[in-house]
1. Which is at the interface with chain B (Cβ under 9 Å from one of its Cβ atoms) and either at pLDDT below 85 or in contact with a helix residue (DSSP H, G or I) (Cβ under 9 Å, 6 or more places away or on another chain) (or both), of A:78, A:69, A:119?
2. When you scan the range B:17-41, how many residues do you find that are within 14 Å of residue A:31 (Cα to Cα) and surrounded by 17 or more Cβ atoms within 10 Å (Cβ to Cβ)?
3. Among B:246, B:236, which is assigned to a strand (DSSP E or B) and over 21 Å from residue B:173 (Cα atoms)?
4. Is it true that some residue in the range A:48-56 is within 21 Å of residue B:126 (Cβ to Cβ), in contact with a helix residue (DSSP H, G or I) (Cβ under 7 Å, 6 or more places away or on another chain) and within 12 Å of chain B (Cβ to nearest Cβ)?
5. Which condition number does residue B:123 fail, the rest of (1) in contact with a helix residue (DSSP H, G or I) (Cβ under 7 Å, 6 or more places away or on another chain); (2) at pLDDT below 80; (3) more than 20 Å from residue B:360 (Cα to Cα) being met?
6. Residues that are over 15 Å from residue B:9 (Cα atoms) and in contact (Cβ under 8 Å) with a residue 24 or more places away in the chain, at least 1 per element: which helices (runs of 4 or more DSSP H) completely within the range A:120-179 meet that?
7. Confirm whether residue B:277 is over 23 Å from the mean Cα position of the chain (by Cα), more than 14 Å from chain A (Cβ to nearest Cβ) and surrounded by 12 or more Cβ atoms within 10 Å (Cβ to Cβ).
8. Filter the range B:13-50 for residues that are at the interface with chain A (Cβ under 8 Å from one of its Cβ atoms), within 40 Å of the chain's Cα centre (by Cα) and outside any loop (DSSP other than H, G, I, E, B) and give the result.
């Protein structure tokens, strides 16, 4: 029989293993990486407080998502973003999509996938890495990336889509090779 | 953009908040009506987030690599860089191994990705790393790669030094999350935080989030106190930009000023008032920090009730502990003078020895020590009267450094004299519940008489 502390630690550890999935969900609703990351942190604090409400045998990801959904709504209120009817409809549609299709990968699969991703990112040429960094790490818009790197907006857009495709192909083929 | 080939563009724009109303409407319809679009949207969001996180990590690694190159300009350039990069990447690979082996968390901390080092600690603390490791046995010098630190008791204290020399300190029952991916980001969920911040890079101020405010810090010394309802900022040196989240108002708070979110009007920094030498807890108006708050009833005064605490370093012991913070926001700082006394009043179920301690900071908000009023001369057992009430007096003159911070005594004050009072706590250690409830703690000047002296 677990002590309350052991149970809390176990629940929190399992919740943190879903962190990237939760950030993906929060980004889809909030449209901002930093705000999504903050909402996930808030949700983790709720998980710490409510760990005893998690029922063994049910989906940790689904439970965390239900907590995160509330934190996302709070984040919206904090930033005083008025929710239009369209926002509500889109939020509900996104919610339904995640409920239907988001699942936790097995941990060993996730780790080998992420390792492959890191290896593939290293292989991207320097100029293209600057584009990826500007978009993903610095969260710049197409226009800002264009200004920083001396490219047109259309060139930035095409470059990003091509790069993402290349990286994905690289990840998938290196995983196939590993098998 | 409304054919299947362009779905990814729609998804990408949604993830970055770049869709207008009509585009959002289209995307909502698409997701509602097309299961394939729903599946692809979820996959895309997942993939995009993975690549974002990997890019952020890579950007940070490159930052480390660049700094290695800058330091070692005399080395044979590219070869040395390659070795340094390989070293960093190898250690980073170790992170994954360590996650799968939580007991090797210290190895993770030794990796190139650590962002801060524990430079002081005492009391019950729990650290939760970003990757889920949970540790209660933190040590001085432990290197951490970000996460959440929680002070579990009123006597808990923790200081963190970032790689640029900036320090942050939490005390009492506080909850702080910290990260540094090129910009220091902290979240103070509740409790008290003091910081001394080295000048930060242009455009990358240290950000401190609370529930009700955001602070942007370029390089300064300050003290923040946050709870569910409000945030109070006191600036000692430099300047901090303070933003109230409820209405988006911002203000620059200069040195020697403080500001609180808890006003209905303009957000206006107030000049710090000169200090006072007397203080009284007002438990009828606000709950205490640690323990169970019992509001006033017609029959009895409000009280803070002690609750059990098992110290992690002494699991065979149960203390019955309570804490009461001294709020900064609603009055001048309370300064402790050598000839003053603390009077503690409350209730006990049975006779017990009541241990009493205080935490103090210097005028800039920096932690100056924890002191105990019961060690200098053996504290007698308190006998409750027929109503179960007791009164104990502790003279500041008798206060000595708390044993739990003695390993840092060179950096701390010798006595609490002339320092600012942050919080007080009391506990019993009698092997069984004592029913300790404190109804009032009072700091009085030598001229003031207490009940027994009148």
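The values are calculated or read from the model by the stated rules, or taken from the named source; none is laboratory data. What you are looking at is a predicted structure, and each value in this text was computed from that prediction instead of being measured. FYI the Cβ positions are ideal-geometry reconstructions off the backbone, even for glycines, and counts take in every protein chain you see.
1. Exactly one of A:78, A:69, A:119 is at the interface with chain B (Cβ under 9 Å from one of its Cβ atoms) and either at pLDDT below 85 or in contact with a helix residue (DSSP H, G or I) (Cβ under 9 Å, 6 or more places away or on another chain) (or both), namely A:78.
2. 5
3. Exactly one of B:246, B:236 is assigned to a strand (DSSP E or B) and over 21 Å from residue B:173 (Cα atoms), namely B:236.
4. The answer is yes; a qualifying residue exists.
5. (3)
6. In the range A:120-179, A:126-132, A:153-178 are the helices (runs of 4 or more DSSP H) which contain 1 or more residues that are over 15 Å from residue B:9 (Cα atoms) and in contact (Cβ under 8 Å) with a residue 24 or more places away in the chain.
7. yes
8. Residues satisfying the conditions are B:14, B:15, B:24, B:41, B:42, B:43, B:45, B:46, B:47, B:48, B:49, B:50.
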